[in-house]
1. How about segment B:46-60: which of its residues are part of a strand (DSSP E or B) and either of a type in the set (S, T, N, Q) or touching a Gly at 6+ places or on another chain (Cβ under 6 Å) (or both)?
2. Do you know which residues across segment F:121-130 are away from chain A (no Cβ under 14 Å) and either of a type in the set (Asp, Glu) or touching a Pro at 6+ places or on another chain (Cβ under 8 Å) (or both)?
3. Taking F:Asn90 and the conditions (1) surrounded by fewer than 19 Cβ atoms within 10 Å (Cβ to Cβ); (2) touching a residue at least 24 places away in the same chain (Cβ under 8 Å); (3) more than 13 Å from chain E (Cβ to nearest Cβ); (4) in contact with an Asp or Glu (Cβ under 8 Å, 6 or more places away or on another chain), which numbered condition does it fall short on, given that it satisfies the others?
4. Looking only at segment F:93-120, how many residues end up being more than 14 Å from chain A (Cβ to nearest Cβ) and more than 27 Å from A:His10 (Cβ to Cβ)?
5. Would you point out the residue of segment D:23-34, among those that are within 13 Å of another protein chain (Cβ to nearest Cβ) and more than 30 Å from E:Asn6 (Cβ to Cβ), that is nearest to the chain's Cα centre (by Cα)?
6. Does D:Val153 satisfy the condition of being over 21 Å from the mean Cα position of the chain (by Cα), buried (at least 21 other Cβ atoms within 10 Å of the Cβ) and not in a loop (DSSP other than H, G, I, E, B)?
7. Applying the selection to segment C:93-126, what residues are aliphatic (A, V, I, L, M), buried (at least 24 other Cβ atoms within 10 Å of the Cβ) and not in a strand (DSSP E or B)?
8. Might you let me know whether segment E:214-222 holds any residue that is small (Gly, Ala, Ser) and without any contact (Cβ under 8 Å) to a residue 40 or more places away in the chain?
Number of protein chains: 6
Amino acid sequence: MTITRNWLAHAEGSVLVEFGGTKVLCAASVQDSVPRWRKGSGLGWITAEYSMLPRSTNTRSDRESIKGKIGGRTHEISRLIGRSLRACVNYKAMGENSIILDCDVLQADGGTRTASITGAYVALADAIAWMRKRRMCPGDPLVGSVAAVSVGVVGTTPMLDLCYTEDVAAETDMNVVMTGGGEFVEVQGTAEGAPFDRELLGRLLDLATEGCAQLTELQRKALA
Amino acid sequence: MTITRNWLAHAEGSVLVEFGGTKVLCAASVQDSVPRWRKGSGLGWITAEYSMLPRSTNTRSDRESIKGKIGGRTHEISRLIGRSLRACVNYKAMGENSIILDCDVLQADGGTRTASITGAYVALADAIAWMRKRRMCPGDPLVGSVAAVSVGVVGTTPMLDLCYTEDVAAETDMNVVMTGGGEFVEVQGTAEGAPFDRELLGRLLDLATEGCAQLTELQRKALA
Amino acid sequence: MTITRNWLAHAEGSVLVEFGGTKVLCAASVQDSVPRWRKGSGLGWITAEYSMLPRSTNTRSDRESIKGKIGGRTHEISRLIGRSLRACVNYKAMGENSIILDCDVLQADGGTRTASITGAYVALADAIAWMRKRRMCPGDPLVGSVAAVSVGVVGTTPMLDLCYTEDVAAETDMNVVMTGGGEFVEVQGTAEGAPFDRELLGRLLDLATEGCAQLTELQRKALA
Amino acid sequence: MTITRNWLAHAEGSVLVEFGGTKVLCAASVQDSVPRWRKGSGLGWITAEYSMLPRSTNTRSDRESIKGKIGGRTHEISRLIGRSLRACVNYKAMGENSIILDCDVLQADGGTRTASITGAYVALADAIAWMRKRRMCPGDPLVGSVAAVSVGVVGTTPMLDLCYTEDVAAETDMNVVMTGGGEFVEVQGTAEGAPFDRELLGRLLDLATEGCAQLTELQRKALA
Amino acid sequence: MTITRNWLAHAEGSVLVEFGGTKVLCAASVQDSVPRWRKGSGLGWITAEYSMLPRSTNTRSDRESIKGKIGGRTHEISRLIGRSLRACVNYKAMGENSIILDCDVLQADGGTRTASITGAYVALADAIAWMRKRRMCPGDPLVGSVAAVSVGVVGTTPMLDLCYTEDVAAETDMNVVMTGGGEFVEVQGTAEGAPFDRELLGRLLDLATEGCAQLTELQRKALA
Amino acid sequence: MTITRNWLAHAEGSVLVEFGGTKVLCAASVQDSVPRWRKGSGLGWITAEYSMLPRSTNTRSDRESIKGKIGGRTHEISRLIGRSLRACVNYKAMGENSIILDCDVLQADGGTRTASITGAYVALADAIAWMRKRRMCPGDPLVGSVAAVSVGVVGTTPMLDLCYTEDVAAETDMNVVMTGGGEFVEVQGTAEGAPFDRELLGRLLDLATEGCAQLTELQRKALA
């Protein structure tokens, strides 16, 4: 995985994450306001939107803007990214400001949602640094880091970060989001084929823990 | 939890699940066709749609039909229910038929998604029995059962099946879908507050395993 | 027809109306505000929304939320229910508060719109009682009652409250909404087949008057 | 009321109806097919769409195409026009052809729905004549005529065809659609203010019967 | 081309433009406010909406309101009309008021967009006169006039104002909007078939200049 | 301007165009079918879709997929790109195949529509080469090349390819699409401020001709 910071000129934080054939552009946009339901609370807000370019995939898919509706998968992943990043932020220290994370998949080859989370964290850290330089925040909103991996079982072998071909063949698919401190933020395991038992779950979590630790190190270096 | 079968006259399978203050109406509709992308495959299909009545909650919420778009939460839960029930079905034995599971929340008091899955399984079993009586299927499509619970941590105590007030206060929230044989179909854990460690994850899974076993027994009795 | 009050725990008024195979859940929601165009008028507002669950009918129909648009029939019936209930309310005595009546058809076997009106009136009365207990209204907003029946001609025989099979076979179909005092609020007659003459119209109105009187009595008992 | 036939060059039947300040353009379009659900039945189909130009009214209203949704009133009136015109057509004699009636209100000054029905009938008759000249129909689809008036009570006086100012002040508003033979196709009476009794209903129907007879004569002359 | 002023009773300015078989109804609506993004600027705003009635064309087309989305051609033409008319207005002299120009094509036989611009100018002039009579504007907002023609090449012959049949056969199609003073506001040339060279472009602009001058004269007479 | 070919792995043709601060990703997708209205004609089809990522601009804009509707500007530019590229294609030689050109603006600093056309041509050429290698086309569909520039007047000076700051200040803005042979495909000039005369139009076209010739050379080199 390579992380290129400041790929965009306008965004307060931006990262191009490349990971196998997958390329995701993560942009963090700072806004000096919060959604209506949060006004007057003194608290900030983080939200995320995920989308795939029509030809990011092997076969072109129709644009959701033209279909006029957002698909369920897009919604599900946008929500996952938002929840994951909110786990490393202190809303109070942020003040009544918002950060929107746009994760646009330019090319997809498996693992787009976990690459999005891992990259968006770096863009978020840059955006928060930008805010702090302008003294927009009453404190330091960044209370930790998050990184994400997908793990799966191909045949009977647990594997880290499946590419697209492996992903399709996988029996079980698990997305794990962890803090830099090694704790879990999200665990989403799905049996695509046969259900899995506690022992296999344990081995997948071991793999994920290891993978997230490596990504945390990569994020640390990128931000250094 | 109480499960009332055949609550509706028209549906091939239908169940009213009541669980604390939560009431979900699950209807299974058989169709002798499959979606276009599956035609000619010889395989069946299972899908689900979840929705909440506007006044199922404490404060009335606007209808998604009037807003003209489906919210992310609705999409996410509909997809979870569909994936969960597909885990107990053999598509080949089903033939080119579909079953749609409609889970409509009449009243919400926490745990609506897990109550939906647990109830929808019973409606599905009834719909499959209906199909078999009419000799619509080349084999027996039902290869197991699924049930679901939510577990969470309130303060520092892991708890099974939080009601709405506990749910709001929970630090961690986990939805677990298991087969009747005690294996995992879905594990979805989210740290709403502080991230959780492996040990706590283990305790939550223990609780969930126990809870699902009880629900499996309840389903068995209801179907007897 | 049976009327079960307080079927829902959260709503300020709620009724399950059962009538033949038809089951409609009517919920009245109180809001301490009025639509924008009515602000500052000192007057209240009543509105209604009607919807059918996808499997309330013999064949499953697609959800309007998924289609992204409200059908003409839904719109027409929602407007009819709203107009009917506004006939028994004094807006001035209500103050700048709103009541929304949600009529959700759980199961349909003919007469869903008239069952909705008849049940919604009881839910409305309960919601108004709730408001008055909290001293939200400057006066008593309830100035009468309304009930509704459908009448039709099957073959050449005028009949009250057709079930679905009769409804389909009916030559003429008329929905009549009347006050408890025996006056008309809405008369909607439609010749599905042959047009009808003044004499037949008269006989249908006689039948409707009788039917509404019985329902008014039933509402009175339910609210006693 | 004046009826100008053939106002449009392209449509198979077209009429500009002027009635007080109200101007409605009615176009009948013939299509040599029927909706999917009617294919293979040997029967024809009639449908209608009603719409108001944004500046047909005193204050400009937003276009429904820009709002992205059809309002309830538009739906209700489109359905009323369609039902009314279907009452004078024999589907079997029509063969598997459709006629769509577009009623676009260019200027509104009360009575737009009844003017639409009265004008659309003439456009329909012209379109059917056009079809018969081309031998598209197995028989004569036109089995009668329909005309419509609105009647209301201003103060305590029943009045025919209220203009906009009177309409707003009306206590009761009734739209009546009748055949040329003097029978009822639709009776839609609504108490905007006080409910009405049987005697008043009778007087309104007398007025309507008289008004429709005059319009039928006008239609006959226009088509001569 | 004939221009009939005050075709509508309610609009502040209105024109029926007829041009060959083309009939466009242009209505100018004055509003004493501006869009949100322009509030507090002291400047006015002009915008336009173009639409075709479903049966304005030879074959009926579906309503955009029913499709739920505006097509690209409609958007493109609405924007062109708006830009063109903004060229003859001084926003400062207008004050914080808006004028909306609705151009509804009742019948189409080529040149609907240029007829819309030419007619909308007259409606705009009338609306501005209406405003000035009411002393709504700090100055005279009308700083010039605009008119528009389409020119094209049929075979190898440049021609002014193609009717529909010629339009379809045209190799090149150009819409030109000019001020009364003979300067260009918009030049939109498109090679439908073979691309065109500078010399041909020149000849088309000559034709357009001549055509616009004639229309300017016509507008002047209509407004006299 | 730099043109990077094969920026994407999956698309049949793809180009990243960079031009000042502007970055547009152009992907050409081949489909072995044509839209329904063109079936059986033996002819191919070319279409284009333009879109901006939410944070391509200085201030984040909302996604059109989330708003549920395509804006007018997006529609206008998509149509312009499609028309421009259709000018260099022979539909007959293409056979019944389609190519869709997706132009996604990753970063915007003026001239995104002309950069899209210039880049999309190169992606199109690659996609056609891909088709020819697979013998999908009866002949050579590529009959020429197209390139596009924007020219404008800042103050009184005509300038080529304005960046964003200049664009905003421009009095006149013209987009010119030309073939490699130096002929015009599209000329779209708009007076944002003062209208322009024939002499200025001439000078802008001179500039554009020169600019397009340079881009044609650049395209030739990129494809060499």
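1. Answer for segment B:46-60, where residues must be part of a strand (DSSP E or B) and either of a type in the set (S, T, N, Q) or touching a Gly at 6+ places or on another chain (Cβ under 6 Å) (or both): B:Thr47, B:Ala48, B:Ser51.
2. F:Ile128
3. (3)
4. Going through segment F:93-120 one residue at a time, the tally reaches 4.
5. D:Ser29
6. For D:Val153, the condition - over 21 Å from the mean Cα position of the chain (by Cα), buried (at least 21 other Cβ atoms within 10 Å of the Cβ) and not in a loop (DSSP other than H, G, I, E, B) - is met.
7. Of everything in segment C:93-126, those that are aliphatic (A, V, I, L, M), buried (at least 24 other Cβ atoms within 10 Å of the Cβ) and not in a strand (DSSP E or B) turn out to be C:Met94, C:Ala115, C:Ile117, C:Ala120, C:Val122, C:Ala123, C:Leu124.
8. Among the residues of segment E:214-222, not one is small (Gly, Ala, Ser) and without any contact (Cβ under 8 Å) to a residue 40 or more places away in the chain, which makes the answer no.
The values are calculated or read from the model by the stated rules, or taken from the named source; none is laboratory data. Since the model is a prediction, treat every value here as computed from it, not as a measurement. Glycine also receives a Cβ, built like all others from the backbone with ideal geometry; neighbour counts cover every protein chain displayed.
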